[in-house]
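The values are calculated or read from the model by the stated rules, or taken from the named source; none is laboratory data. As the structure is a prediction and not an experimental result, all values here were calculated from the model. Positions of Cβ are generated from backbone atoms using ideal geometry, with glycine treated the same way; all protein chains shown enter the neighbour counts. These area figures cover heavy atoms from the full protein model, side chains too; ligands, DNA and RNA do not enter into them. Shrake-Rupley method; radii C 1.70, N 1.55, O 1.52, S 1.80 Å.
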Amino acid sequence: MFLDLLAYAGRVAPGLALIGAGAVLARPLREPLLRIGLLILGFILIRDAMTPTGLWRLGAEAGVLWVRFTDDAAVLVGFGAATLASTAAVLRFDPGLRALVRWGPVRWRTIGLGLAGGAVAAAPLMAMSAGTGAGGPVAISLLPALLWFSLTGNLAEEVLFRGFLQGRMESAVGPVRAALFSAVCFAACHAFLASTVTDIGWPLLAFTLYEGVICAFLRLRWGVLPAALAHGLAIFLLASGIF
């Protein structure tokens, strides 16, 4: 575990240092879009660097997208904890961005809507991959750590796209257009992962646009929490090998 995370940290540290310096220098600006863009850029680096370091694998077979994470539960738990801590730090130390996040009420209804959104997002790929063995099996003992990682990692992504970006754009272009904008930007930020980091291509972009629209409209109506739950559940279902 330690050597894997050390190799990963060494790969991303120089880029994160530059992005962090840019975010600090931009902090006095009243307009938050630049800081939001830098944070999204940092997240893309953190996510995409997981591929060459072997922390996850993605592929597409006959147009069917699949994803698998490392089988080291300790790495998943540690990575998820670090992501959660980083998200909390940004929210704690940047009140301007924190004010953009509309979490929504914590109620059974919103939890149910988040779970339903995750199932709807994952359903087409699960149906297409059923019985194909795409991606290979996943140990049952790994599932709790995988669920934790999926929820924490995708909470960070939803805070960025549906909390900060969509929240900022709502006041400029209105709720529906802001939702569509966040969904399109979310999918576009997977372009390098689809086209240069891997050779998956359009299936990844199509899925992320579809998932992004679901999460964006959950955020529009009910807040970031059900959107994050939907995103995390969808990735867990796709990465779990259950179907």
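Table for the structure above
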| item | result |
| --- | --- |
| The chain: relative contact order as a whole-number percent, Cα under 8 Å and 6+ apart | 28 percent |
| By accessible area with a 1.4 Å probe, ligands and nucleic acids excluded, highest first: order of 4, 71, 94 | 71, 4, 94 |
| Relative contact order %, segment 29-160, counting alpha carbon pairs below 8 Å whose residues are six or more apart | 40 percent |
| Dipole magnitude of segment 1-77 about its Cα centre (Cβ charges: Lys, Arg +1; Asp, Glu -1), debye to nearest 20 | 340 debye |
| Kyte-Doolittle at least 0.5, axis length at least 15 Å by Cα - qualifying DSSP helices, the chain | 2-26, 33-48, 73-93, 108-129, 143-158, 175-188, 202-222, 224-240 |
| Solvent-accessible area, 1.4 Å probe, carbon plus sulfur percent, for segment 1-153 | 72 percent |
| Projected label distance in nm at residue 61 and residue 7, using a 7 Å step from Cα toward the beta-carbon | 2.5 nm |
| Structure-derived Rg/Rh (Cα atoms, Kirkwood Rh): which label, when the choices are (i) 1.08; (ii) 1.00; (iii) 0.95 | (iii) |
| Cβ crowding within 10 Å averaged over residues, with 173-182, 23-32, 229-238 ranked highest first | 229-238, 173-182, 23-32 |
| Positive-end residue, the chain charge dipole about Cα centroid, Cβ charges, pick of 58, 116, 104 | 104 |
| For residue 100, net neighbour charge (Lys/Arg +1, Asp/Glu -1) across residues whose Cβ lies under 14 Å away | +3 |
| Whole-number accessible area per residue in Å² for segment 178-243, which is evaluated in the context of all protein chains at 1.4 Å | 37 Å² |
